[in-house]
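Novice: After the structure tokens below, expect a handful of questions from me.
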Amino acid sequence: MSELVEKDAIRELMAEYCFRLDNDRFADMAALFTDDGTWDTAFGKGTGHAGIEALVRRIRGDGPRPRAIHHVTNIVIKLEGASAKCFSNWVTVQNSDQGPKIGSAGSYSDDIVRQGDKWLFRYRKIDRFIHD
């Protein structure tokens, strides 16, 4: 595949992650990681599909929370054969009593690998710079 096709597939992975997370599809979000993948957050690390899903459920909690969506920008992808190093910025916009507001923002640093015909996160480090 061409470099452009590979990079586009990685961008799709990053977008799918946001859609699944924002729509509370936590098992589906965890499935975007390798079997031994790690999701490294400000609230702890989860490894493996079950560990990642458990962590996101703990972070999100059971109570009601404002609807929020992730936006990812400034994506840099450095292909290295069947792996890639990726860097990007993210921001969440959420509902509030005063209208839309920024919930939090930061950056992603990703190690991504191609397994078969799809790209998966091996390690996703989330830095959270802006928050309440």
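The values are calculated or read from the model by the stated rules, or taken from the named source; none is laboratory data. From a predicted model like this one, the values you see are computed outputs, not experimental measurements. Please note: Cβ atoms are built from the backbone with ideal geometry, for glycine as well, and neighbour counts cover all protein chains shown.
Novice: For segment 1-42, enumerate the residues that are in contact (Cβ under 8 Å) with a residue 12 or more places away in the chain and among the hydroxyl-bearing types (Ser, Thr, Tyr).
Specialist: 17, 34, 38, 41
Novice: Further, regarding this structure: On the basis of being under 14 Å from the mean Cα position of the chain (by Cα), exposed (fewer than 15 other Cβ atoms within 10 Å of the Cβ) and not in a helix (DSSP H, G or I), does residue 78 make the cut?
Specialist: no
Novice: Out of everything in segment 108-119 that is surrounded by fewer than 17 Cβ atoms within 10 Å (Cβ to Cβ) and part of a strand (DSSP E or B), what residue ends up being nearest to the chain's Cα centre (by Cα)?
Specialist: Only one residue tops the list, namely 109.
Novice: Of all residues in segment 39-73, how many are among the β-branched types (Val, Ile, Thr), at pLDDT 95 or above and out of contact with any helix residue (DSSP H, G or I) (no Cβ under 8 Å at 6 or more places or on another chain)?
Specialist: Residues that pass the stated criteria total 2.
Novice: Okay, next question. Out of segment 90-104, which residues are over 19 Å from residue 29 (Cβ atoms) and either surrounded by 17 or more Cβ atoms within 10 Å (Cβ to Cβ) or of a type outside the set (Gly, Ala, Ser) (or both)?
Specialist: Scanning segment 90-104 gives 95, 97, 98, 100, 101, 102.
Novice: Is at least one residue of segment 74-88 at pLDDT 95 or above and either more than 21 Å from residue 37 (Cα to Cα) or touching a Pro at 6+ places or on another chain (Cβ under 7 Å) (or both)?
Specialist: Yes, that holds for at least one residue.
Novice: β-branched (Val, Ile, Thr) and without any contact (Cβ under 8 Å) to a residue 40 or more places away in the chain, is that true of residue 47?
Specialist: yes
Novice: Across segment 82-107, what is the number of residues that are assigned to a loop (DSSP other than H, G, I, E, B) and closer than 25 Å to residue 47 by Cβ?
Specialist: Number satisfying all stated conditions: 1.
Novice: Take residue 69 and decide whether it is touching a Cys at 6+ places or on another chain (Cβ under 8 Å) and more than 20 Å from residue 125 (Cβ to Cβ).
Specialist: yes
Novice: Restricting the search to segment 1-30, which residues are surrounded by 15 or more Cβ atoms within 10 Å (Cβ to Cβ) and among the aliphatic types (A, V, I, L, M)?
Specialist: 9, 10, 13, 14, 21, 29, 30
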